Amino acid sequence: MFDGYDSCSEDTSSSSSSDESEEEVAPLPSSLPIIKNNGQVYTYPDGKSGMATCEMCGMVGVRDAFYSKTKRFCSVSCSRSYSSNSKKASILARLQGKPPTKKSKVLQKQPLVAKLAAYAQYQATLQNQAKTKAAVPVEGFSWGNYINSNSFTAAPVTCFKHAPMGTCWGDIAEGVRVEVPNTDCSLPTKVFWIAGIVKLAGYNALLRYEGFENDSSLDFWCNICGSDIHPVGWCATSGKPLVPPRTIQHKYTNWKAFLVKRLTGAKTLPPDFSQKVSESMQYPFKTSMRVEVVDKTHLCRTRVAVVESVIGGRLRLVYEESEDKTDDFWCHMYSPLIHHIGWSRSIGHRFKRSDITKKQDGHFDAPPHLFMKVKEVDAAGEWFKEGMKLEAIDPLNLSAICVATVRKVLADGYLMIGIDGSEAADGSDWFCYHATSPSIFPVGFCEINMIELTPPRGYAKLPFKWFDYLRETDSIAAPVKLFNKEVPNHGFHVGMKLEAVDLMEPRLVCVATVTRIIHRLLRIHFDGWEDEYDQWVDCESPDLYPVGWCQLTGYQLQPPAPQSSRDSQSSSSKQKKKAKSQQYKGQKKMTSLQLKEELLDGEEYNFLQGTSDQESNGSASYYIKQEP
């Protein structure tokens, strides 16, 4: 499973590769134990021959990790390249930095002073790199430190089916062994060692080098999907040296026996793990594709937009009429807010026609099969009707579930919903939910689940009672059986950490916490901000991600708000989420008149539903029917 290991003491780790030293290397005894890993068999040398330098490429590593009995080359490739090169002496001279001698066949031993100087320079480089990393301000947020210092837990990757590796994470858990770079080493080249997972937090893993037992002094966090994380056995097949950390190099005299004992029967990553990671990060949406997306200035209609960029499955869409490409909208490719060209016409949804009469060069319509499919419904029998009452998450204030009304029934199970008491006369603030959406609920849902229901603005008869309201408005409640009652086994628990989109400013992905769970409905709190900014989100929302998602995909993560920002929240807008308080946050939701005035002033409302129309198996009878 590994190619080499050695105590690496400086008094014995010379670069000797002379003919004399080569003759001293004994052949591998046939009685050495073997370990089977993924169907391959590897043998383990005794690791007492010190260090060696490849005569072809100059790589320094453990002698026993090198190729052939003479240990002159680090790999078969170097051996063959050397044999075919007629200027061996010149190559050796270049590696040594001095003119070659006629007898020069292999690199000579380096003086101890020169070797110590090289080690010192290497350590100085590592220290400078560490100082550079520590100086980064915003990006300096560390999930590992944040979780360790507060004993937090993170939602497992398997909770996020839409995220990379979400459906093929497998049995990766504490105790799994991997091969990682050895940073506790004085060698001026990259070497590896075995480490075990001590704790998992999303994609991030707290690792401990083998041999440290209960010593956590050199534990470190890394993204398990990173390019430097490999299954045990990778070094053997790749010709990379395994070197024990300097801190414990003298702890064992026989590293072979130690590793064989510790790794026999241990679990490691699948051999195709990196390939699966790569495949799960391939996204079907491409730049220049045209889609229909909600108009963020008029929620009741859609507009044509063009995919400007794709990051981790998140799309930056630029409205087609935006000449300077600043009028944009962010959402995930599985968002219920984007559709194929022609969707609005097919279901009877409002649509803003573009002033552009023909497609721009290079733009093309996204194929319909790329979009998230909704569950088919049977509207032939008992179905939603205009005027029916229900409860719904307010898309302009995602922390509130409000009294709402079905304003229009569209085709294919889609509904136009309005929030009672705050609707515009022309219906410009109606919004579209599918009948199976987990963001609409039957009358009485909030009461039975002890959630505060937001009554219609101006309604004076408090506390609000559905029975009285239905009678006063001469309305009926939408039948309970029409709502989505399926509850998947999502795996979330209260207190779990994750990375979540601020749906009121959807370009931002923030450090967040699950603070409440009502069946499939999650209450998401943004760390460092007041509870009024919390958002209700479905457990299968494509806007929730595992810890480490931003690092894996290259998306910028918004860290928790600093104390100074927390103190000023009551009197000023959030500095990282300015649009939140300026556009729609405050003691009360804006009226439709205020909304229009703000839009005329150039302010735009960034709207994104916290829903996902993905369906999962499961059921729950948590609805009550309250009808007069």
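The values are calculated or read from the model by the stated rules, or taken from the named source; none is laboratory data. Keep in mind that this is a model prediction, so the values were computed, not measured. Neighbour counts are summed over all protein chains in view; Cβ atoms, including those assigned to glycine, are modelled from backbone coordinates with ideal geometry. In case anyone asks, the SASA skips ligands and DNA or RNA and just uses the protein heavy atoms, side chains included. Shrake-Rupley method; radii C 1.70, N 1.55, O 1.52, S 1.80 Å.
Each residue was assigned an accessible area with a 1.4 Å probe, and for Ser238 the value is about 50 Å². Among the trypsin sites (Lys or Arg not before Pro) in region 264-364, those located in a DSSP loop and surrounded by at most 14 other Cβ atoms within 10 Å of their own Cβ are Lys286, Lys325, Arg353, Lys358.
What the Cβ-Cβ distance of Asp378 and Tyr283 gives, at R0 = 30 Å and to the nearest 0.05, is a FRET efficiency of 0.35. Relative contact order of region 216-338, taken over Cα pairs closer than 8 Å and 6 or more residues apart, is 15 percent. Relative contact order of region 283-370, taken over Cα pairs closer than 8 Å and 6 or more residues apart, is 33 percent. Computed from label points 7 Å out along Cα-Cβ, the spacing between Gln556 and Cys168 is 3.2 nm.
Tell me, what is the per residue accessible area of region 496-558 in Å², probe radius 1.4 Å? With the other protein chains kept in place, region 496-558 gives 22 Å² per residue.
Pairs spanning more than 23 Å between alpha-carbon atoms, out of Lys408/Lys465; Lys161/Lys485; Lys161/Lys385; Lys199/Lys267; Lys161/Lys497; Lys296/Lys375: Lys408/Lys465; Lys161/Lys385; Lys296/Lys375. Entry note, region 388-482: relative contact order of 30 percent, from Cα contacts under 8 Å with a spacing of 6+ residues.
Asp324 contributes about 100 Å² of solvent-accessible surface, heavy atoms of the protein only, 1.4 Å probe. Fully extending the segment from Phe220 to Leu370 would add 50.1 nm, taking 0.36 nm per residue of separation and subtracting the current Cα-Cα distance.
Inter-part distance, region 366-429 to region 455-485, computed on C-alpha centroids, equals 16 Å. Once the chain from Gln275 to Ile476 is taken as fully extended at 0.36 nm per residue, the excess over their C-alpha distance is 66.9 nm.
Within region 256-343, what whole-number % of the accessible surface is contributed by carbon and sulfur, with the 1.4 Å probe and all protein chains included in the calculation?
Values: 1680 of 3440 Å².
Whole-percent figure for carbon plus sulfur exposure: 49.
Applying 1/(1 + (r/R0)^6) with r as the Cβ-Cβ distance of Thr264 and Glu213 and R0 = 22 angstrom yields a FRET efficiency of 0.80. Stretching Phe351 away from Thr183 to a fully extended chain increases their span by 54.7 nm, per 0.36 nm per residue minus the current alpha-carbon distance.
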